[in-house]
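Novice: Here it is, the structure in full.
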Amino acid sequence: EHKFVQFKLVLLGESAVGKSSIVQRFVKDSFNDFKESTIGAAFLTQTIDLDSDTTVKFEIWDTAGQERYRSLASIYYRNAQSALVVYDITQKASLDKAKYWIKELQKQASNNIVIALVGNKTDLEEERQIPTEEAQAFANEAGLLFFEVSAKSGKGIKECFREIALKMPIE
Ligand code: GDP
Ligand code: MG
């Protein structure tokens, strides 16, 4: 019998780290170099086949990182079963912001939320400011999944969502 499950996933992280671009790559397999910034939050869905008898539908809330929307974020993560907390590997401060969101999720979100720390823009390797090992070590300590991806090239995006889906309760 075919299993069909759906999960709410929220994206959090500093403005311009590439949250909307990651979602666009996952949902439409496309990328824009000049992306208009998100206002409030955007809702998108994508369905993947986990294996021949399991289909997973992601209900994705892509939030805006701007300060004035910060207080709204809890509306989106409150009922989320999973969260992608995104930073930009070329912007040192974006990892600090990611850590802020992770703390917030661990305090306020549901107890069994699956959180992934995601370093975006690996196509800009020569501008890297955050070593993989540093972010990986933080993720391990905090009990998070960890991925490095590029929304621009598409590298790692499918794998990231697939790994999250595999962590979801499917019975
Ligand atoms: P958001 O504010 O976190 O949603 O970020 P956006 O998705 O709007 O992206 C901000 C900027 O970064 C845009 O100019 C994107 O084209 C660019 N961007 C996003 N992802 C990547 C990536 O993987 N590589 C590169 N080089 N640029 C990216
Ligand atoms: Mg956005």
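The values are calculated or read from the model by the stated rules, or taken from the named source; none is laboratory data. This one's a predicted model, so the numbers in the text were calculated from it and none came from an experiment. Note that each Cβ is placed from the backbone with ideal geometry, even for glycine, and that neighbours are counted across all protein chains shown. Heads up: the accessible areas ignore ligands, DNA and RNA and are worked out on the full protein's heavy atoms, side chains in. Shrake-Rupley method; radii C 1.70, N 1.55, O 1.52, S 1.80 Å.
Novice: Working carefully through the options Gly40, Gly119, Gly143, Gly154, find the one that is modelled with pLDDT of 95 or more and more than 15 Å from the chain's Cα centre (by Cα).
Specialist: Gly143
Novice: Let me ask another. Return only the number of the condition from (1) among the acidic types (Asp, Glu); (2) within 26 Å of Thr132 (Cβ to Cβ); (3) more than 16 Å from ligand 1 (Cβ to nearest atom) that Asp53 does not satisfy.
Specialist: (2) is the only condition that Asp53 fails.
Novice: Restricting attention to region 34-64, and to residues there that are without any contact (Cβ under 8 Å) to a residue 12 or more places away in the chain and under 20 Å from Ser94 (Cβ atoms), which single residue is least open to solvent (accessible area, probe 1.4 Å)?
Specialist: Among those that are without any contact (Cβ under 8 Å) to a residue 12 or more places away in the chain and under 20 Å from Ser94 (Cβ atoms), it is Glu36.
Novice: Test Ser15 against the stated conditions and say whether it is surrounded by fewer than 18 Cβ atoms within 10 Å (Cβ to Cβ), in contact (Cβ under 8 Å) with a residue 40 or more places away in the chain, closer than 21 Å to Ile75 by Cα and among the polar types (S, T, N, Q).
Specialist: Spelling it out, Ser15 is indeed surrounded by fewer than 18 Cβ atoms within 10 Å (Cβ to Cβ), in contact (Cβ under 8 Å) with a residue 40 or more places away in the chain, closer than 21 Å to Ile75 by Cα and among the polar types (S, T, N, Q).
Novice: Across region 122-160, what is the total count of residues that are touching a helix residue (DSSP H, G or I) at 6+ places or on another chain (Cβ under 6 Å), in contact (Cβ under 8 Å) with a residue 60 or more places away in the chain and open to solvent by less than 20 Å² (accessible area, probe 1.4 Å)?
Specialist: Count: 3.
Novice: Consider region 102-115. How many of its residues are over 9 Å from Gln81 (Cβ atoms), of a type in the set (A, V, I, L, M) and touching a Lys or Arg at 6+ places or on another chain (Cβ under 9 Å)?
Specialist: Adding up the residues that qualify gives 1.
Here's the yes/no breakdown for (1) under 14 Å from Phe26 (Cα atoms); (2) among the hydrophobic types (A, V, I, L, M, F, W, C); (3) in a strand (DSSP E or B):
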site	(1), (2), (3)
Asp96	no, no, no
Trp101	no, yes, no
Leu117	no, yes, yes
Gln129	no, no, no
Ala135	no, yes, no
Phe147	no, yes, yes
Ser150	yes, no, no
Arg162	yes, no, no
Pro169	no, no, no
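Novice: Looking at Tyr77, Tyr87, Tyr69 in this structure, which one is surrounded by 15 or more Cβ atoms within 10 Å (Cβ to Cβ), at pLDDT 95 or above and of a type outside the set (A, V, I, L, M, F, W, C)?
Specialist: Tyr87
Novice: Please state which of the following conditions Arg25 fails to meet, knowing it meets all the rest: (1) open to solvent by less than 20 Å² (accessible area, probe 1.4 Å); (2) within 13 Å of the chain's Cα centre (by Cα); (3) of a type outside the set (A, V, I, L, M).
Specialist: (1)
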